[in-house]
């Protein structure tokens, strides 16, 4: 993987970096690289592989970079929805959870109204530590999907105890009970203490992929599509 990412850097500069002639003092002409490549495409690659793109990158270094980047993005989103406070309100947390969902506007309104009806103005929200727990849970969504099927029949509503056990099994950590309570305010359709498994997983999958699913239908194979995909994803940061 590291070699491929390094090749992405090399090929990207071959395609995007053009040579131009520029007159310099003394009457001589000097070749100068035209750096018109967008900064966001190159900054991360230079950070990882150096100015020339030939530095080596160990797995531990890449993992540290990835974890730090992921945490920074998580904190940015947290502060966006906390709106200057130390917590995200239950209503804003519902909006955050549904942010990337591909549901009908009427269904979106139903979710928001449901949380509003089940919350008070002075209710505690989701703090940064709890949001970090939620992000860890999302990163283990596939494992959670398998685990929850061990405790419930297929596509049956999930109780809180079953939900908590499945999260612990898939992540090794427990979600804060208050965070679980807010999730159930969102997804417990009829107030019986159970959430719709299929509905919940569909919304969580949309959030996890953050719109990247739109590229999943690409049928082209080979190095160039892979390279373009990696460059495109780096540009998101």
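What do you reckon, is residue 201 in contact (Cβ under 8 Å) with a residue 60 or more places away in the chain, under 17 Å from residue 113 (Cα atoms), assigned to a helix (DSSP H, G or I) and within 21 Å of the chain's Cα centre (by Cα)? Judged against the criteria, residue 201 is not a match.
Is at least one residue of region 152-169 buried (at least 16 other Cβ atoms within 10 Å of the Cβ), under 26 Å from residue 79 (Cα atoms) and touching a helix residue (DSSP H, G or I) at 6+ places or on another chain (Cβ under 8 Å)? Looking through region 152-169, at least one residue is buried (at least 16 other Cβ atoms within 10 Å of the Cβ), under 26 Å from residue 79 (Cα atoms) and touching a helix residue (DSSP H, G or I) at 6+ places or on another chain (Cβ under 8 Å). Taken as a whole, the structure places residue 96 among residues that are modelled with pLDDT of 50 or more, touching a strand residue (DSSP E or B) at 6+ places or on another chain (Cβ under 9 Å) and under 24 Å from residue 209 (Cα atoms).
Among the residues of region 169-189, those that are at pLDDT 85 or above and within 19 Å of residue 156 (Cβ to Cβ) comprise 180, 183, 184, 186, 187, 188, 189. Looking only at residues of region 179-193 that are part of a helix (DSSP H, G or I) and out of contact with any helix residue (DSSP H, G or I) (no Cβ under 7 Å at 6 or more places or on another chain), we find that the one that is surrounded by the fewest Cβ atoms within 10 Å (Cβ to Cβ) is 181. The numbered conditions (1) part of a helix (DSSP H, G or I); (2) surrounded by fewer than 15 Cβ atoms within 10 Å (Cβ to Cβ) are all true for residue 124 except (1).
Contact map, region 36-55: residues that are surrounded by 11 or more Cβ atoms within 10 Å (Cβ to Cβ) paired with residues that are at pLDDT 60 or above and assigned to a helix (DSSP H, G or I), Cβ distance under 6 Å, separation 6+ or inter-chain. Pairs shown: 55/49.
The values are calculated or read from the model by the stated rules, or taken from the named source; none is laboratory data. Nothing here was measured: the structure is a model prediction, and the numbers come from that model. Methodologically, a virtual Cβ is constructed for each residue, glycine included, from the backbone with ideal geometry; neighbour enumeration extends over all protein chains shown.
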